[in-house]
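To start, the structure itself, in structure tokens.
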Amino acid sequence: MARSVPLFVSLNHQLVALQTLQLLHHQQQGEPRPKDSRQLGPARPRTLTQITVHCMLSRIVDSTSQLVSVEQTLLLPLFQEHPFPIHLKDSIEFRNICSHMALQLEGQRFDRDLHAAHQCLRIIVEKLIDSLTVFPSDLYAIALASLRQILQNLPEM
């Protein structure tokens, strides 16, 4: 269990980021917000730019959710057998960017944060792929295929 600590810590940061992204996404869809949350993001996309940002946010939410799932179901058992490099700095940065995005209502700062979150998520996935390519096992091949699929689904910016 102690061998898994870096992956657990990274996963925790990504879960916090995912929850923040989901709140932003729900807020943009005009869905009722949870009682304890404060107003996050614009109410509904109205302009072409807002629709584009909303679609980008949706894809980042989906990709983050897929990453968390892959880490929980595939990478954790593999990591316990053969530890591989985990870059906590990237997960911390991703969580912080998502938290900062939640403070923005809309506009250029929100767009910059969205772009930064996208880039950071890509970096996290790319580094995981690089870490796993040295292992020849079929289980690693499944994890690599799942990570590559996430990378393909991330929007180009």
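Observations
- Estimated vicinal HN-Hα couplings, Hz - region 118-128 in sequence order (Karplus 6.51, -1.76, 1.60; Gly, Pro = x): 4, 5, 5, 5, 4, 4, 4, 5, 4, 5, 5
- Mean Cβ neighbour count within 10 Å, used as a protection proxy, ranking 131-137, 65-71 highest first: 65-71, 131-137
- Heavy atoms of E156 accessible to a 1.4 Å probe, total area in Å² rounded to 10: 140 Å²
- Heavy-atom accessible area order for F8, F79, largest first, 1.4 Å probe: F8, F79
- Each of L103, L121, C55 was scored by the projection of its Cα onto the charge dipole of region 38-157, and the greatest displacement toward the positive side belongs to L103; charges sit on the C-beta of Lys, Arg, Asp and Glu.
The values are calculated or read from the model by the stated rules, or taken from the named source; none is laboratory data. Please read these numbers as outputs of a predicted model, since none were measured by experiment. Glycine also receives a Cβ, built like all others from the backbone with ideal geometry; neighbour counts cover every protein chain displayed. For the accessible areas, the whole protein counts, side chains as well, though only heavy atoms, and no ligand, DNA or RNA atoms are used. Shrake-Rupley method; radii C 1.70, N 1.55, O 1.52, S 1.80 Å.
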